[in-house]
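Every number in this text was worked out from the coordinates using simple rules, so none of it is lab data. Computed from a prediction, not measured in an experiment: that's the story for all the values here. Note that each Cβ is placed from the backbone with ideal geometry, even for glycine, and that neighbours are counted across all protein chains shown.
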Amino acid sequence: MRLSPDKFNELELRAYQIRRLSVEMIAFGMWGHIGGSLSMAELLAVLYFHQLHIDPQNPQWAERDRLVLSKAHGSPALYAALALRGYFPIDDLYTYCDLHGLEGHTDMTKTVGLETSGGPLGMGLSVAVGMALGLRRHEHAATRVYCILGDGETNEGNVWEAAMAAAHYHLDNLIAIVDYNKVMAKGFTWDLMSIEPFVEKWRAFGWDVVEVDGHDLEAINHALHQARWVLPRGKPLVLIAHTVKGMGIHEAEFNYKWHTHAPDAKTADRFLRELARRYGKPEEGFSRMQASIEKESFYAGE
Amino acid sequence: MRLSPDKFNELELRAYQIRRLSVEMIAFGMWGHIGGSLSMAELLAVLYFHQLHIDPQNPQWAERDRLVLSKAHGSPALYAALALRGYFPIDDLYTYCDLHGLEGHTDMTKTVGLETSGGPLGMGLSVAVGMALGLRRHEHAATRVYCILGDGETNEGNVWEAAMAAAHYHLDNLIAIVDYNKVMAKGFTWDLMSIEPFVEKWRAFGWDVVEVDGHDLEAINHALHQARWVLPRGKPLVLIAHTVKGMGIHEAEFNYKWHTHAPDAKTADRFLRELARRYGKPEEGFSRMQASIEKESFYAGE
Amino acid sequence: MPASNHGGSTLPEMRDAFGKTLVELGRDHLNMIVLDADLHTSSKAGMFKKAYPDRFIQVGIAEQNLFGIAAGLALTGFIPFPSTFAVFATRRALDQIAISIAYPRLNVKIPGSYVGIPTSRAGASHNCIEDLAVMRVLPNMYVADAGDNNDLAAIMRAAVEHEGPVYFRITRYTLPEIFPANHQFKWGKGERLRTGSDVTLFGTGMMTAQCLEAADLLQADNISAEVVHLASIKPIDRQLIVESVMHTGCAVTAENASINGGFGAAVAEVLGEEYPAPLRRIGVRDRWVDSGGINDLLTEHGMQPSDIALAAKAVLQRREQRVIR
Amino acid sequence: MPASNHGGSTLPEMRDAFGKTLVELGRDHLNMIVLDADLHTSSKAGMFKKAYPDRFIQVGIAEQNLFGIAAGLALTGFIPFPSTFAVFATRRALDQIAISIAYPRLNVKIPGSYVGIPTSRAGASHNCIEDLAVMRVLPNMYVADAGDNNDLAAIMRAAVEHEGPVYFRITRYTLPEIFPANHQFKWGKGERLRTGSDVTLFGTGMMTAQCLEAADLLQADNISAEVVHLASIKPIDRQLIVESVMHTGCAVTAENASINGGFGAAVAEVLGEEYPAPLRRIGVRDRWVDSGGINDLLTEHGMQPSDIALAAKAVLQRREQRVIR
Ligand SMILES: Cc1ncc(C[n+]2csc(CCOP(=O)(O)OP(=O)(O)O)c2C)c(N)n1
Ligand SMILES: Cc1ncc(C[n+]2csc(CCOP(=O)(O)OP(=O)(O)O)c2C)c(N)n1
Ligand SMILES: [Mg+2]
Ligand SMILES: [Mg+2]
């Protein structure tokens, strides 16, 4: 199933907006993870604007698809997707990391549209397994549980406990997506902790594996479509999405120094202009430049 | 390298003695894990009486091989092996699980010859990885670290964290041994949590794998010899020892009900006689029959 | 049901009462699911499996996953009881309990089996002495330790009625009966089991029975001990604690756990803030609890009724001698 | 080294002092090894990596393995410093710390980074409020929270000198200087930083500086506050606690952590057992600590000097009104 030209354009725009808003929130919130937010922009665009069966008007709809962001530090991109999808006003994004604002990592009690709370890596797939088991009990056969993991995150043993159980329970309503951006917090995976042969690991743990270019909307969509409608046959499926950490901002690409670092207002402005150029959009800078500078000086030294 | 007939006979006797003493300790201690003690009798016999470079007179010898019993509930068999090897008097075995006696699980601060303390499953391989790294730093090139794991134990994510790191660090001085006895605490692995395809899992985590009949002394010895002298080439190695849980006592074989259950004095007597018959030894019953009955009644109701 | 003869009685072990109550609750609560990590015939969660095989989930020896899956089930409308030994809940899966369950305040009920000293003879790695301090420090978590089987059943009913995470303890031991069959438990409410005027003995879990025995011993020495059972450790009954000590002027706490940061600490916190009074804490004094017979261990760790009585005499003496500024 | 301007000073952040001290200790102790779980440039353990690249071990994002490997290294004669954020040590790897390290009393030094409130803006899952209660309940474990950079360096030296497991905290924040460069730290010893006669403020970690500011505020109201710094939380200086409160008659504790079971509880335990007196505890009151600016959060959680001063007035009033039986 190819995307219609309109849909393709919409998804491309959404991915672009998710990138922009992630940078804006992190700069204005003065905290956050740029690299891992930018690497999954296309994944979230396809999920939230095409694949997920959800209803922002009825966020508790029992048969909705669930998305668990196990790499919860990617919250800026997720919050952006949720706001763009209509769960809450875009303006709320600018409360990111402020007291009583959007939480740095995910807090489902604070923010509508979030399915879980997170922060510590490695725990989300277990929760997704529990949801998949629960939904199967409810006989919500059409519902799917998606879980996005970081590549570095798969160092955590908890991930493999969950993987083993998902296969044991034949959870073909569960789709894991690894944002395989090759970089963890402090360097490349192969330097810090090699995870290869990665496909073989998942296969040996009983999963179907599909590899995909994680920035190719068409490919992602095709893979997710297959995962939902064609492949399920008594096994969970993992989509290994080959991505570029920091995708869209040259300086941040594959650069662990931009894993977690908030750009100051001027840098954010530069990044946002670069993003516009990269994605062929009208050049636009940081929308909250002045407020951001004031906020930075107010909190200086903390 | 085949075992000499004398060595073979000695190892066979040791395995038999380890089995007998395990049953005696568990009965007299009124607590313990029979199934997983009996399944690794041959493994421990070959290790402690032929393969391990150790010196019971000098238990802290810096270049000794280390054995980490990750499945620390197999302590009776290990204590028996240590006592038989001369680390402490056989009589001490009869303090098992008494206050100030041998600890139910392993406590290295209490018992000479133990290299670690344990109890919770899944942690030992990490400690073994640390030892292997440490010994490599000391340039003790001839020293090996062995780690015995249960099959059910490999459900624990911590095992896979350690496995990943061992491969990342090319620890060819580390040899894991899985006592693959097909049964965990409450049933068969395939019913409770399937671990197959098991060989593929270890391979995908970067290990060399050797499978062996875990009750065949010759085969175990050959495999351990290979593991030590022939195969090491920049990778850790796991020996998957196919064993029978409860091996040697018909009623306990592959029977999860004898995973953790102390036989009363009479049952112990019956088990010990059966063992003698099974291994072609002169029939002998429970050596502490009377004392055991008295102890049972003293602690009745606890 | 296996029975034990503690104190001459032939009551079921507490873990049997646990299994039985699970089954009873499961009858009314069709969305209850029991999960196990390869210990259900020990914990007796297996009784639920037998009664409702399709509401039982086995996850193997993987406690992190156990609690993560429980969170997922709670998020899809079930009331999960992820069951394992208390040590493995408390220590192996603390991050999952804290962040996947307590932080979002999910409706998960956590039974901690094999607590404190009477843990068969498994020894230090299995004798859970940390759970009271650890669970008490998690925001949103409720914590309870039952005084007998009827108390446990009441706690379990209250756990299901409370919307949110609950941790409750199950002693692997036969406790004497203290409460009637229809006993009611309320979160944050203690019970005065015996009135007295010289000293208050605050017990939780199996130590309440020890306190009652201690009160008898004290009686023989003409010391009038009040016994207060605080099964609800969090929230704790601040009011009853203060009320009782206002009356008696001194207190002893007794818990089947480490005295660091647990129940004794909770009482010390309340007294310090509300009504300072001489206090002693009975429990495991910052040591590992090795293998051994139960009574041998209770003696070794100074947790016998006679130890409680001695502590009571000590606080009483301090109350009398109290230098007032 | 990046500097911050808290209180107008330009001192290094405590994590820089941590990195620097690691490097200094590494010079004398050739068997010191620093381990990291993908956070070394945040924790500043990376300074050690830079100085001694072959004594640095990266284990990736796998904290259970981090502490297991540390145990193995200790068993082969090294002094490992397995470094990660305090939440991940405390919660993700508690079983490994308890059984692989604390139980056999291995010589492992555990730095807990990013503790309590000042944890950049990462929020509830990263603001470690549980570690004091959790680490304190482990037998054999020593626990310390430094009042400033010089205190931290002294604690780290004392950690290496002590044969056994140690947990020490590193605040992600710039603290005002309290102690001289050659400051000595002793396990189980506190320090009277300011004498006073009306109330004792017991501080640990970054909250000692807040206590000193509170004492100034109280002074302005003619209240004479004694300030005692207890960096050594376990063992704790029972004698100094009692001595000071015998003199002042009431106390406030202040910790950058949950008040349940942690430092405040430790002081409450001592006072209850040795010298009952009115007490209040300042710290996180059983809530998750969400994202936010540091000062916003300190205000939100009632942990500012003014909050300590208010608490001091409250205990003082209770001391005066005290009804004596
Ligand atoms: C249990 C745990 N350990 C450490 C961290 C700190 N941390 C946050 S993000 C991160 C790196 C994650 O790398 P990866 O999974 O590859 O995610 P990416 O940002 O590349 O998508 C680390 C170590 C954490 N959040 N949780
Ligand atoms: C973390 C942890 N969870 C649960 C247990 C309780 N337990 C002790 S032995 C055992 C079964 C072990 O099965 P396996 O690893 O196959 O060992 P074996 O068959 O050799 O006895 C369990 C669940 C434990 N010791 N540690
Ligand atoms: Mg990555
Ligand atoms: Mg087995």
Out of C:Arg15, C:Arg281, C:Arg238, a Gaussian network model of chain C with alpha-carbon springs under 10 Å gives the largest mean-square fluctuation to C:Arg238
Per residue, how big is the convex hull of the range B:6-55 when only Cα atoms are used? Give it in Å³.
79 Å³
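May I ask what percent, to the nearest 5, of DSSP beta bridges between residues of the range A:5-300 are antiparallel?
Of all bridge pairs located within the range A:5-300, approximately 5 percent are antiparallel.
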For C:Asp54 and C:Gln321, compute 0.36 nm times the residue count separating them, minus their Cα-Cα distance, and round to one decimal in nm.
89.8 nm
Highest GNM mean-square fluctuation, chain A, Cα pairs closer than 10 Å: which of A:Ser22, A:Ser126, A:Ser194?
A:Ser194
Extent of the range A:71-134 along each principal axis, from alpha carbon coordinates, in Å, largest to smallest?
36, 23, 18
Measuring label to label, 7 Å along Cα→Cβ, what does A:Asp55 give against each other copy in nm, shortest first?
7.8
Tell me the distances, shortest first, between C:Lys189 and the same position across the other copies, using label points 7 Å along Cα→Cβ, in nm to one decimal.
5.2
What list of ³J(HN,Hα) couplings, whole Hz, do you get for the range B:280-295 from phi and the Karplus terms 6.51, -1.76, 1.60, once you set θ to phi - 60° and write x for glycine and proline?
x, 10, x, 4, 8, x, 6, 5, 10, 3, 5, 4, 5, 4, 5, 5
Count the net charge of all other residues whose Cβ sits under 12 Å from the Cβ of A:Met131, scoring Lys and Arg as +1 and Asp and Glu as -1.
+3
Residues with amide H under 5 Å from that of D:Leu35, placed H, sequence gap 5 or more:
D:Ile57, D:Phe81, D:Ser83
Distance in nm between label sites at B:Ser297 and D:Arg287, each 7 Å beyond Cα in the beta-carbon direction?
6.4 nm
Quick check: the angle from helix D:305-321's long axis to the longest principal axis of chain D, C-alpha only, nearest 10 degrees?
50 degrees
To the nearest 0.05, how large is the calculated FRET efficiency for A:Leu13 and D:Thr299 if R₀ is 41 Å and r is the Cβ-Cβ distance?
0.50
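Counting other beta carbons within 10 Å of each Cβ, put D:Met207, C:Met47, B:Met193 in order, fewest first.
C:Met47, B:Met193, D:Met207
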In nm to one decimal, list the spacings between the D:Asp28 label point and its equivalents in the other copies, with label points set 7 Å along Cα to Cβ, shortest first.
6.5
Using helices alone, what [θ] at 222 nm do you get for chain A, with -39,500 (n - 2.57) per DSSP H run of 4 or more residues, divided over all residues and rounded to the nearest 500?
-11500 deg cm²/dmol
With angles folded into 0 to 90 degrees, how steeply does helix C:14-28 sit against the dominant principal axis of chain C? Use alpha carbons for both and round to 10.
50 degrees
Where in the range A:269-300 does the label zone of A:Asp213 land, with the point 7 angstrom along Cα→C-beta and an amide N cut-off under 18 Å?
A:278-280
Nearest 5 percent is fine: what portion of the DSSP beta bridges confined to chain C is antiparallel?
15 percent
How many nm separate the modelled label positions at D:Asp221 and B:His53, each set 7 Å beyond the Cα in the direction of the Cβ?
7.1 nm
Normalised convex hull volume, chain B, alpha-carbon set, Å³ per residue:
121 Å³
Can you run the Rg to Rh ratio on chain D? Use alpha carbon positions and the Kirkwood inverse-distance Rh.
0.97
Report P(r) for the range D:178-239: all Cα-Cα distances, bin width 5 Å, range 0 to the bin holding the largest distance, values in whole percent.
5, 19, 27, 24, 15, 8, 3
For C:Lys186, give me every one of the lysines with a C-alpha distance below 27 angstrom, ignoring sequence neighbours fewer than eight places off in its own chain.
C:Lys20, C:Lys44, C:Lys109, C:Lys234
Got a sec to turn the phi values of the range A:58-67 into Karplus ³J(HN,Hα) couplings, 6.51 cos²θ - 1.76 cosθ + 1.60 with θ = phi - 60°, whole Hz, x for Gly and Pro?
9, x, 9, 2, 5, 9, 5, 5, 10, 10
For the range C:31-98, what class follows from the C-alpha gyration tensor (a ≥ b ≥ c being the square roots of its eigenvalues): rounded when a/c is under 1.5, otherwise prolate if a/b is larger than b/c, else oblate?
oblate
Among C:Leu73, C:Leu30, C:Leu310, D:Leu132, rank each residue by its count of other Cβ atoms within 10 Å, from fewest to most, as a rough exposure measure.
C:Leu30, C:Leu310, C:Leu73, D:Leu132
Once phi is turned into ³J(HN,Hα) by the Karplus curve 6.51 cos²θ - 1.76 cosθ + 1.60 with θ = phi - 60°, what whole-Hz value does each residue of the range C:152-161 show in order, with x for glycine and proline?
4, 4, 5, 4, 5, 5, 5, 5, 5, 6
In A, who owns the beta-carbon nearest the axis carrying A over to B, and how many Å from it?
A:Gly157, 1
Taking R0 as 51 Å, what's the FRET efficiency between D:Gln239 and C:Lys186 from their Cβ-Cβ distance, rounded to 0.05?
0.80
Binning at 5 angstrom from zero up to the longest distance, how are the C-alpha pair distances of the range D:211-325 distributed in percent?
2, 12, 21, 24, 21, 13, 6, 2, 0, 0
What is the range A:1-87 by shape, rounded, prolate or oblate, if you read a ≥ b ≥ c off the alpha carbon gyration tensor as root eigenvalues and call it rounded for a/c under 1.5, prolate for a/b larger than b/c, and oblate otherwise?
oblate
Rounded to the nearest 0.05, what FRET efficiency do D:His247 and A:Asn255 give with R0 = 41 Å and r taken as the Cβ-Cβ distance? Could you check?
0.10
Hey, rough spin-label estimate for D:Ser197 and B:His138, points 7 angstrom out along Cα→Cβ, what's it come to in nanometres?
6.1 nm
Compute the signed sum of charges (Lys and Arg +1, Asp and Glu -1) over the other residues within less than 14 Å, Cβ to Cβ, of A:Ala291.
-4
Give me the Kirkwood hydrodynamic radius of the protein assembly as shown, using the inverse of the mean 1/r over all pairs of distinct Cα atoms, in Å to one decimal.
31.1 Å
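Calculate how many DSSP beta bridges within the range C:191-324 are antiparallel, expressed in % of all such bridges and rounded to the nearest 5.
20 percent
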Reduced Cα scattering model of the range A:116-243, Debye log10 I(q)/I(0), q = 0.09, 0.11, 0.18, 0.19 Å⁻¹
-0.23, -0.35, -0.96, -1.07
At 37 °C in a medium of viscosity 0.692 mPa s, the range C:3-170 has a Stokes-Einstein diffusion coefficient, with Rh taken as the Kirkwood radius over alpha carbon pairs, in µm² per second, of 211 µm²/s
Scattering curve values for the range B:229-282, log₁₀ I(q)/I(0), Debye with Cα scatterers, q = 0.12, 0.15 Å⁻¹
-0.45, -0.58
Which residues qualify? For D:Val228, with a placed amide H closer than 5 Å and at least 5 residues away or on another chain, they are D:Leu193, D:Leu201, D:Phe202, D:Gly203
